[in-house]
Each structure stands twice: as C-alpha cells, then as structure tokens.
Amino acid sequence: MATENGLSFPKSGLMLIGMGPGKISSMTIEAKQAAIAADYRHYEAYTALWPEEEFVKLENEIGKVEMVMRPEVENPTELLELSKNNLVALLIVGDPLQATTHVDLQLQASEAGIDCMVFHGISITTLVTGAVGLSNYKFGRQTTITYPYSGWIATSPLEVIAMNLFYNQHTLALLDLDPTGAGTGKQVPMQPKDACHSLRLMKEKIRSMIEDISEDTITNKVRKSALAEFVKLNFDDLKVVLCADMGTDNEKITYTTISKLEGITGGRLNCLVFPAVTSEVEEKALLRW
C-alpha cells in the first residue's frame, strides 16, 4: 500500500507508532501516514496519555482509534491474531520502544511470523534532559515514582535516585498514572504533592531497613553506603526540577526543592528531575526556571 507521500506499507502486520509527547504537530509525517494506512488502530493508554482535545483532533485526521490497556498489550493474543491478515497500528505516547512491554510485543510478533514495523517518536526521556539544561551524558538510571499500592511501599524508585546521587548522576523520575497498579483504566496522573508523599514514605522505609542490608558483596556494600548517605540528607532541601506537560503548549519547568514542591500545582502529566552536582553551565541553565 502506497500513500500520497510515496510511503509504502504492507497489507498486513503490526505497526508500533510513536505519537510523541502530546500534540499532532509533534508526530512525524511517516507516523501519521502509517496510522492512516492501518485497517485497525489501537491507542495504548496505560503507560502515558495524550491531552483529550489533541486525541480527538488526531482521530479526525487518521480515523477511529480504539483504546487498549495493559492486559491487551501484555497478553497480545487478539492483537497478534488480528495482525496476521490486517494492518494493525498500536499508537504509543512518546517513542514505541522506551518501555520493555512494547519491546516484548515486538519480539512476540517476530516469533509469530508477523511483520512488525516501528515508527519512532519524540520521547520524554530525551525531551526532558535537554529542555531543563542538564547534560544528557550525566544521567543515570531512570525510574518511576509509584503510588503506594494496597499499603505496600516500593523503595526501588528512591533507591535509584540515591544510587545516582552517590555516583554524581542526574535522575529522571516519571510519575505514576495508576493508583491501582492494574493498568486497566481509571488513571489518576500523579501530582507533585502525591509524589512527595510517596517519596517520604519510601525514605522512612529505607531508613528502617538499612541496618538489615547485607554487606556480603561489593554491590550490597555500595548500596548500603549510598542509602545511608542519602537518608542523612536534609530531604526538604533536596533540589528537584518539576517538568509539567512537556512537549505541549502548556509546558512548564520549575526548579525548586522537595519542601516547596509539595505546594506547587503541576500539569496534566508531570515528571521530576533530580540533579546531582551541576557544572557551571548546568546550574546557570537550571536557574532559568
């Protein structure tokens, strides 16, 4: 199948299409043409969300889109079966292959003998680092700050931040979308005050468990040292960058501290950046916000 722009698409298969951060104008021409060419279009709506008004505009431009959630993507039997004889598009906010869920879907399609095409998009991972003014080379592991689920407090997000700081690396922390953790809908995008609440719970749990961390390996010794140093910090004074609605017309960046972050109203979707030691240029760039 060839489009008016000379792009060619197969008669059947699965297309993973990057939607970009939140508006039609940020999608590539190729991505939009692929979505138009598809027989069926699905919108993966549990790892991230587009603004509703932009999504309506997108449907008007490419055709009707069906929303799918975590179960349909992580157990993609129906999606893959449909792709055997039809051209199926899975629209994904940002870049399609930033989440391992979608990489796994790509691998499953390959194993089933289904052609899987990828159309990349602008990702929050690359957008934020440059936008705030920090060196992309100095970022460590990325993490997601989660809601407490049914009383369970995950400490791994704050441990990632602590380890990155220990190695003098910046951290990009995405904020959770789903208070239930089920990925089946009814998302409530985490706000700054919610993130601070979760982080404080994580810190107290880490403080209580440090003494129980074994030092039987070098890895455990480093982890224990990093966490011990982190809990000694004045948490309220920890510097953080709030990035709200990045890549949209409502984009806003705020350089602040944890104590002040709790009183700041975020946007529709938010993420945080925790800077390590900054260079002169990086600090000057941060002070713009």
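The values are calculated or read from the model by the stated rules, or taken from the named source; none is laboratory data. From a predicted model like this one, the values you see are computed outputs, not experimental measurements. Glycine gets a Cβ as well: all are built from the backbone with ideal geometry, and neighbour counts include every protein chain shown.
Here are some notes:
- Some residue of region 65-74 being in the same structural domain as residue 116 (by TED's automatic domain parsing), closer than 26 Å to residue 145 by Cα and among the basic types (Lys, Arg): yes
- The numbered conditions (1) crowded, with 16+ Cβ neighbours inside 10 Å; (2) within 27 Å of residue 50 (Cβ to Cβ) are all true for residue 223 except (2).
- Taking region 145-160 as the range and being over 17 Å from residue 191 (Cβ atoms) and either modelled with pLDDT of 95 or more or not aromatic (Phe, Trp, Tyr) (or both) as the test, the residues that pass are 150, 151, 153, 154, 155, 156, 158, 159, 160.
- Restricting region 126-154 to residues that are out of contact with any strand residue (DSSP E or B) (no Cβ under 9 Å at 6 or more places or on another chain), hydroxyl-bearing (Ser, Thr, Tyr) and in a helix (DSSP H, G or I), the residue that is surrounded by the fewest Cβ atoms within 10 Å (Cβ to Cβ): 137
- Here residue 142 qualifies as under 26 Å from residue 206 (Cβ atoms), under 20 Å from the mean Cα position of the chain (by Cα) and modelled with pLDDT of 90 or more.
- Out of 93, 132, 103, sole residue that is within 23 Å of the chain's Cα centre (by Cα) and free of Cβ contacts under 8 Å to residues at least 24 places away in the same chain: 103
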